[in-house]
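Working notes, beginning with the structure itself.
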C-alpha cells in the first residue's frame with residue numbers, strides 16, 4: 001500500500017475478528033507515526049477510545065463536542081456501583097450533592113457522581129457497604145450524557 005497523508009475510514013473494523021482488529025490498530029498506529037492524519041467514523045466507541053487522539057461527537061448530523069478523551073471526560077462524572085447489607089433509599093441518595101440517576105435494587109446501588117464523592121460515601125457507610133466500585137465514564141457514557149443534556153436543554157427552552 002502507498003503511504004497516504006490522509007486516511008478517511010468509515011466503520012473499518014466492521015466484521016473483522018479480534019486478532020485482525022488488533023492488527024488494523026497496529027497498522028493505523030504506524031500510519032500516524034509516519035505523519036498521516038486519520039479520520040475514523042465508528043459506532044464502536046470502545047474502539048474509538050483505543051485508537052483516537054481527538055474525538056468528535058456527532059448526533060443527528062451535527063458536531064456536538066470535540067476534544068481528547070480526557071477533555072470529553074472533563075465533567076469528571078463517575079459511575080458508582082455499591083453493594084450494601086443494610087437499607088438505602090434511592091430518593092435520599094438522589095438528593096445528595098452531585099449525585100444523579102440513583103437506582104437501588106436488591107441491595108445494589110448504581111448512580112453517577114459529579115464532584116466530591118464524600119456525601120455519597122457517608123450515606124453508604126450507614127448502609128453497611130460490602131462492595132464499592134467507581135470508574136470514569138466510558139466514551140459511550142460521555143456520549144449518552146451529552147445527548148441527554150442537550151435534550152434537557154432543548155426542553156427547557
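The values are calculated or read from the model by the stated rules, or taken from the named source; none is laboratory data. These numbers were taken from a predicted model, which means no experiment stands behind them. Quick reminder, even Gly has a Cβ in these numbers, built from the backbone with ideal geometry, and neighbours come from all protein chains shown.
Just for region 2-43: of the residues that are part of a loop (DSSP other than H, G, I, E, B) and in contact with a helix residue (DSSP H, G or I) (Cβ under 9 Å, 6 or more places away or on another chain), which one is farthest from residue 143 (Cα to Cα)?
Among residues in region 2-43 that are part of a loop (DSSP other than H, G, I, E, B) and in contact with a helix residue (DSSP H, G or I) (Cβ under 9 Å, 6 or more places away or on another chain), the one farthest from residue 143 (Cα to Cα) is 3.
Select from region 59-101 the residues that are within 19 Å of residue 48 (Cβ to Cβ) and exposed (fewer than 13 other Cβ atoms within 10 Å of the Cβ) and list them in ascending order.
Hits for region 59-101 are 60, 61, 62, 63, 66, 68, 70, 71, 74.
With the requirement that a residue be in contact with a strand residue (DSSP E or B) (Cβ under 7 Å, 6 or more places away or on another chain) and surrounded by fewer than 17 Cβ atoms within 10 Å (Cβ to Cβ), what does region 120-140 give you?
128, 130, 131, 132, 133, 134, 135, 136
Mind telling me which of the residues 81, 131, 146, 60 ends up being under 15 Å from the mean Cα position of the chain (by Cα) and outside the structural domain of residue 28 (by TED's automatic domain parsing)? I'd like the intermediate steps shown before the answer.
On the way: 81 fails: under 15 Å from the mean Cα position of the chain (by Cα); 131 fails: under 15 Å from the mean Cα position of the chain (by Cα); 60 fails: under 15 Å from the mean Cα position of the chain (by Cα).
None of the others qualify; the one that does is 146.
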